[in-house]
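The values are calculated or read from the model by the stated rules, or taken from the named source; none is laboratory data. Bear in mind that the values here come from a model prediction, so they are computed numbers and not experimental data. Every residue, glycine as well, gets a Cβ built from its backbone with ideal geometry; the counts of neighbours run over all protein chains shown.
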Number of protein chains: 2
Amino acid sequence: MRQSKLFTKTVKEISSDIKMISHKYLYQAGFIRESTAGRYYFLPLGIRVRDRVIKIIEEEMNKAGALQIITPVLHPLELWKETSRTESAGFELMTIKDRNGSSFALGGTAEEMMVDLVRKYNMSYKDLPFNIYQFSQKFRDEMRVRGGLLRVREFLMKDAYSFHADEEDFKIEYEKMWHTYTKIFERMGLKTVVVEADNGYIGGEYSHEFVVECDSGESRFLISEDGTYAAHEDVAKFKKINKNIDEEEKDLQEVEAKRGNSMEDGVEYHHLPLWQQIKDVLFVDDKGKYILAIIRGDLDVNEIKLKHLSEANELRMATEDEVRAIGSEPGFISPVNIDKKVFIVADDSLRTIKNAYGGANKKYGDLLNINIGRDFTPHKEGDIVMAQDGFESENGSVLKEGRGIEVGNIFQLGEHYSSRMKANFTDKDGKEKPYYMGCYGIGVDRTLATIVEKFYDDKGIIWPETVAPYQIHLISLCKDEEGIKKADELYNKLISEGKEVLYDDRDLRAGEKFADSDLIGIPTRYIVSPKTLEQGSVEVKDRKSGEVKMEKIV
Amino acid sequence: MRQSKLFTKTVKEISSDIKMISHKYLYQAGFIRESTAGRYYFLPLGIRVRDRVIKIIEEEMNKAGALQIITPVLHPLELWKETSRTESAGFELMTIKDRNGSSFALGGTAEEMMVDLVRKYNMSYKDLPFNIYQFSQKFRDEMRVRGGLLRVREFLMKDAYSFHADEEDFKIEYEKMWHTYTKIFERMGLKTVVVEADNGYIGGEYSHEFVVECDSGESRFLISEDGTYAAHEDVAKFKKINKNIDEEEKDLQEVEAKRGNSMEDGVEYHHLPLWQQIKDVLFVDDKGKYILAIIRGDLDVNEIKLKHLSEANELRMATEDEVRAIGSEPGFISPVNIDKKVFIVADDSLRTIKNAYGGANKKYGDLLNINIGRDFTPHKEGDIVMAQDGFESENGSVLKEGRGIEVGNIFQLGEHYSSRMKANFTDKDGKEKPYYMGCYGIGVDRTLATIVEKFYDDKGIIWPETVAPYQIHLISLCKDEEGIKKADELYNKLISEGKEVLYDDRDLRAGEKFADSDLIGIPTRYIVSPKTLEQGSVEVKDRKSGEVKMEKIV
């Protein structure tokens, strides 16, 4: 490709809104350009890298026996109603009506579409298992977007769906996909941490996230020092250490407490440890139900865990007015004698303390010696804690916090979709049974951006060979006719050898050409100039190491 | 690919709604499956053919110097408003709002998106010309769909857009794309007729359609016997032969006419030739305006031509009540003394006759000796005739009717979009000028279906080599262990030689395997059976010719 003919050019100025490295460089070097917030054009250089990423995924999926198909972009909304995902996917789901009055979802994922396709055929156990996948544009009506390709409203996804006769067979595929994913990311130069994760609105019972460690990532996870356990913060398990559990239960006592509203104010006022205080956080769910989360004072609530335990689709913090509306007081909320319409969800850490203290549902009123089970009974009890660095894992190792970008997921779905959608196969015994399913996703655009987040320097991108837009960036510094002819010849020679070459044939200063070249980040640079031509050579420079050597042309 | 692992299977029963050959075979053989009317899944076999079609288009477009990019699926609606296409694209345009209240169009084509991208950059004449293209899903909210992939609501399109400094430079690209398209279709085995066509809601002044001749096609065109002229019926030009033009104009005369409402009734009643009668057709446009189309009695109105001449976005026939509401009478409409609010559009064929006859805007009243210009004055005059087989072309050759499937289009856009969207480049003289543009489309899915419409027999599809899902269909009739082993070995050998093979390893009767194989239509069939193995051979059968020969395996 002659760079003089390349649409588009590099960009020098960037807006101060651009914070992420991948956003900055992909935009400046001319790989992508924003249409509206969270929706991007891929330009010729971007398409080339994306094609390479797609190719690697395709090759490994095919090697694993998966079969490529494609579904329509518009999914009949009635399919999403069969699985109630019109509710659980919530605001992120975009819907549209055609002029015949049919409603459609702009798919965020395609479980319903795949199950609907499969149930059109009469399958028997002999046809199982199979894994079908597609590359298709996905839509998420995100409230806010993040710089560049990392959190967008429209993106290309590889989504795969496997169908099995039973759990045992599914587990084989799950492991195969685990290895396939590891391989896929490795081929792009990405090392992944695989962490247990939340299934979210996808449904099913368990899943794993593939995370590329990176400070700018949004996925926070905990990993045990002995390496045997890794989990996303939304599902991370750990030991809850007993505190004063052997203490005798004392009588509940109401006291005046002219204190401020914070946890620290309580500690200071009562001269008691933070862990002995009860932290009360009032939420409202999507149906308007009040949910009171209570937890040991030294711990924080994880909203995803709380959502699951309280079976809510959406949660938001209650306002101060709402706290007063249920007859309580901000800063003094208590599960003891709270309004009956409030649904109390207690973290099991409250079983590790005795004689706790906290508010009394009135301004300047506190309770001492609160004991769970005796003074109040939660409607639900379980784990709603946000795990922290230093916590002890269940097998006694120390948990360390990690952070990164989620590039892929694998999900157990079980019969979640097949049973709701009545998608059955005929088993060996002649009986109809719902398929046992799994699904497997990779965000193509996000993976591409992650590669940049990992491979760059202060001058630009440093593409790994396997995904680089071109192998060689041939830069001609020749201005005279003879030199240009020689450079053209070299370009044609490299092309005829099957090399992929971007040829900077533009009439620009050397400095500008080198700056563009560093920014674009092609692994190997060939410089041809009157000086190198004198020696019948080109100067070969490695983008990553900066090493330079001369190579004979003829 | 082992057929036992292939998702999905062939289907025997078909609904009586399936009329088109391509619909029937692509469905039965397992290439596609309908989701909702006009929206299709592509299954593994379908994806393979589609990929080959894409590859051919990609190769030829790249060879022609075009550059691949991709735009988001959701186009900001304000862009479509800049060019007023929200009106002209009409009901076919689907729109959607996100939860921040922004409106988007689901693109039918992407002129606005491309122009918006280009105007983000400061381009000079030195950066021109360039041609950018994409493969992307397109949406058309069609009222009715046609069998299979020929007229759908969602489809993959290759759309290209070229940007130039002036018309002269554009014309070079237009010709290049013409040749590129011819080549693309030829490589798939499709011979195309290139006909002048209407630009429709794409805009611009002229365009050409690439039509594959086929009785089931929806594109009707006229081609001159000498081969120098070919045009779609919506733009076809021809000579309008003078009739009694030398006759002297007689006095207008109103007569009683107790006749029926048809043109033939008029001929019979007055004993005058059909061509001397005036045909009046009353339409209503999308703004509620009455438009009276008048034409020589032996000719028919072409609605697209009428739409252009009357500058209407949409047209529908007036009802009988509407005819009466403007003070006229069905079957007796006349441009003479018609209500002033009616916009009269006359075909210029009315200049080829004198002393015409027709209705008098009252029941059982006719006028004789009507003369255009004297008795009525049309608001617009031009060509609104539907051309017919046998008409004389402008250079005196005979026009013949043809019919086929439109697989591609090339359009002159000129400054239609760039001027409305203020997309300028800096010209040599330092002045800002709007780009001169063209656009070029190929319907990928429709092209695939057209191949089937051209290449089939009563047993199934006969894929041309270049787009076949596999090169070889290896069918094993071996049931014993030894034979199966040999067949497996042959399969592995072919794969290792780089051949693309579908291997029918299923435990089925020979007849079923052959029927499936004929239906799927892979060009070459290898049959391995105990009998052929005895001779150390396979039976090689050509799907198209049916020729059979034996070939040594070892």
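Values for this structure:
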| quantity | calculated |
| --- | --- |
| Residue among A:A468, A:A449 that alone is within 33 Å of the chain's Cα centre (by Cα), of a type in the set (A, V, I, L, M) and closer than 29 Å to A:K552 by Cβ | A:A468 |
| Identity of the residue in segment B:106-123, farther than 18 Å from B:R420 by Cα and touching a helix residue (DSSP H, G or I) at 6+ places or on another chain (Cβ under 9 Å), that ends up farthest from the other protein chains (Cβ to nearest Cβ) | B:G108 |
| Hits in segment A:134-150 - residues which are more than 9 Å from chain B (Cβ to nearest Cβ), within 17 Å of A:G46 (Cα to Cα) and outside any loop (DSSP other than H, G, I, E, B) | A:F135 |
| Selection from segment B:38-70 of residues that are in contact with an Asp or Glu (Cβ under 9 Å, 6 or more places away or on another chain) and either acidic (D, E) or under 30 Å from B:R99 (Cα atoms) (or both) | B:G38, B:R39, B:Y40, B:Y41 |
| Filter pass, A:I333 being among the β-branched types (V, I, T), under 29 Å from A:F391 (Cα atoms) and not in a loop (DSSP other than H, G, I, E, B) | no |
| Enumerated strands (runs of 3 or more DSSP E) restricted to segment B:194-304, each holding at least 2 residues that are surrounded by fewer than 17 Cβ atoms within 10 Å (Cβ to Cβ) and modelled with pLDDT of 95 or more | B:253-256 |
| Scan of segment B:29-42 for residues that are at the interface with another protein chain (Cβ under 8 Å from one of its Cβ atoms) and either hydrophobic (A, V, I, L, M, F, W, C) or at positive phi (or both), ordered by number | B:F42 |
| Total residues in segment B:1-10, condition more than 18 Å from B:A515 (Cα to Cα) and either part of a loop (DSSP other than H, G, I, E, B) or of a type in the set (A, V, I, L, M) (or both) | 1 |
| Any hit, segment A:477-494, residues being touching a residue at least 40 places away in the same chain (Cβ under 8 Å) and under 39 Å from the mean Cα position of the chain (by Cα) | no |
| Residue under evaluation A:R85, criteria (1) crowded, with 22+ Cβ neighbours inside 10 Å; (2) in contact with an Asp or Glu (Cβ under 6 Å, 6 or more places away or on another chain); (3) modelled with pLDDT under 95, criterion not met | (2) |
| Segment A:533-554, subset in a loop (DSSP other than H, G, I, E, B) and at pLDDT 95 or above, residue surrounded by the most Cβ atoms within 10 Å (Cβ to Cβ) | A:R543 |
| Segment B:511-532, residues that are assigned to a strand (DSSP E or B) and either under 23 Å from B:I47 (Cβ atoms) or not assigned by TED's automatic domain parsing to the domain that holds B:K486 (or both) | B:T524, B:R525 |
| Among the residues listed as B:N361, B:N395, B:N409, the single one being under 28 Å from B:Y206 (Cα atoms) and in a loop (DSSP other than H, G, I, E, B) | B:N395 |
| Unique residue being touching a Pro at 6+ places or on another chain (Cβ under 7 Å), buried (at least 20 other Cβ atoms within 10 Å of the Cβ), more than 8 Å from chain A (Cβ to nearest Cβ) and not acidic (D, E) when the list is B:L79, B:L45, B:L26, B:L93 | B:L45 |
| B:K422 vs. criteria on the phi > 0 side of the Ramachandran plot, touching a strand residue (DSSP E or B) at 6+ places or on another chain (Cβ under 8 Å) and either surrounded by fewer than 20 Cβ atoms within 10 Å (Cβ to Cβ) or not in a strand (DSSP E or B) (or both) | yes |
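This table checks each residue for (1) of a type in the set (D, E, K, R); (2) within 14 Å of chain A (Cβ to nearest Cβ); (3) within 16 Å of the chain's Cα centre (by Cα); (4) under 16 Å from B:G441 (Cα atoms).
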| site | (1), (2), (3), (4) |
| --- | --- |
| B:M177 | no, no, no, yes |
| B:K183 | yes, no, no, yes |
| B:S216 | no, no, yes, no |
| B:Y229 | no, no, no, no |
